[in-house]
Amino acid sequence: MMITLFCLPYAGGSAQVYKRWAGKLHSSIRLIPAELAGRGSRMGQPFYRNTAEAVQDLLPLVRQAALGGGSYALFGHSMGSMLAYELLHALREESMPLPAASFLSGRGAPHSEYEQGRRIHELPDAEFLDEVKQLGGMSAELLQHRELLDLFLPILRADFKLVGEYEPKPRKPLPLRLTILGGKEDSTVKGSLVEWEYYAAGGCDRVLFDGGHFFIHEQESDVVALLNKTLTAVPALI
């Protein structure tokens, strides 16, 4: 039995960040890296003005799997975790079948991450890049080539606008169990990952990996192993 895995990228990322997983996932897992507007194959399309707009754009992709009768799962890292969480609520509000598994990675619980007035996307270039570099994950090549940086900066600013202006709504806990992934040395995550328990009626499984914010790359084989183990067990659970 096949299961579809939708992956949502972090700020500045594209579908490409997950395509390298394709040859490492179990043969029963169909990988669909979601491409956000304004990058990759969708370069030139306008960036999302807010999280709600992003969710409405991504929803048809996931809805197709939800109505197709098969199993599916969501994975999001950092900003992608925020979008995955909002997608789950959008699916619930439409009474769509929810994912068999939901992986939220590299981000604290919504109330922990909310910082009113935190708008680093409005900073001048040098200050903005200093803030972004603290997260890690930016290649030296990108920072050294102004032409590449000029192409990349609008994407980064648009994504940090989404994150910076995101305001979580008070809602009932999701009727499912979440798998929360974190890096043991990730100092960017606000609050305790345990606080995700408030957002899922079925509770949470927390899995910590060595590394910082981008542990999904640093410990890629272990992250993929977790996905394989969890998702290949799904048919026996439903």
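Every residue in region 152-184 that is surrounded by 13 or more Cβ atoms within 10 Å (Cβ to Cβ) and part of a loop (DSSP other than H, G, I, E, B), please.
GLU165, TYR166, PRO168, PRO173, LEU176, ARG177, listed by residue number.
Out of PRO60, PRO46, report the one residue that is farther than 22 Å from VAL224 by Cα, free of Cβ contacts under 8 Å to residues at least 60 places away in the same chain and in a loop (DSSP other than H, G, I, E, B).
PRO46
Mind checking which residues of region 38-70 are touching a helix residue (DSSP H, G or I) at 6+ places or on another chain (Cβ under 8 Å), farther than 19 Å from ARG157 by Cα and surrounded by 21 or more Cβ atoms within 10 Å (Cβ to Cβ)?
Hits for region 38-70 are LEU58, VAL62.
Which one of these does LYS24 not meet: (1) open to solvent by 10 Å² or more (accessible area, probe 1.4 Å); (2) modelled with pLDDT of 95 or more; (3) within 23 Å of PRO154 (Cβ to Cβ); (4) not in a helix (DSSP H, G or I)?
(3)
Okay, residues lined up against (1) of a type in the set (D, E, K, R); (2) open to solvent by 70 Å² or more (accessible area, probe 1.4 Å); (3) within 26 Å of ARG206 (Cα to Cα):
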| residue | (1), (2), (3) |
| --- | --- |
| SER28 | no, no, yes |
| LEU36 | no, no, no |
| TYR72 | no, no, yes |
| LEU87 | no, no, yes |
| ARG92 | yes, yes, yes |
| ALA109 | no, no, yes |
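Output the qualifying pairs, or none if there are none: Cβ atoms under 8 angstrom, residues six or more apart or on different chains, first residue in region 23-38 and in contact (Cβ under 8 Å) with a residue 12 or more places away in the chain, second residue exposed (fewer than 15 other Cβ atoms within 10 Å of the Cβ) and of a type in the set (Ser, Thr, Tyr).
Once the first residue is in contact (Cβ under 8 Å) with a residue 12 or more places away in the chain and sits in region 23-38, its partners that are exposed (fewer than 15 other Cβ atoms within 10 Å of the Cβ) and of a type in the set (Ser, Thr, Tyr) give LYS24/SER221; GLU35/SER41.
The values are calculated or read from the model by the stated rules, or taken from the named source; none is laboratory data. Please read these numbers as outputs of a predicted model, since none were measured by experiment. Quick reminder, even Gly has a Cβ in these numbers, built from the backbone with ideal geometry, and neighbours come from all protein chains shown. Quick note on the areas: whole protein, heavy atoms, side chains included, nothing else; ligands and nucleic acids left out. Shrake-Rupley method; radii C 1.70, N 1.55, O 1.52, S 1.80 Å.
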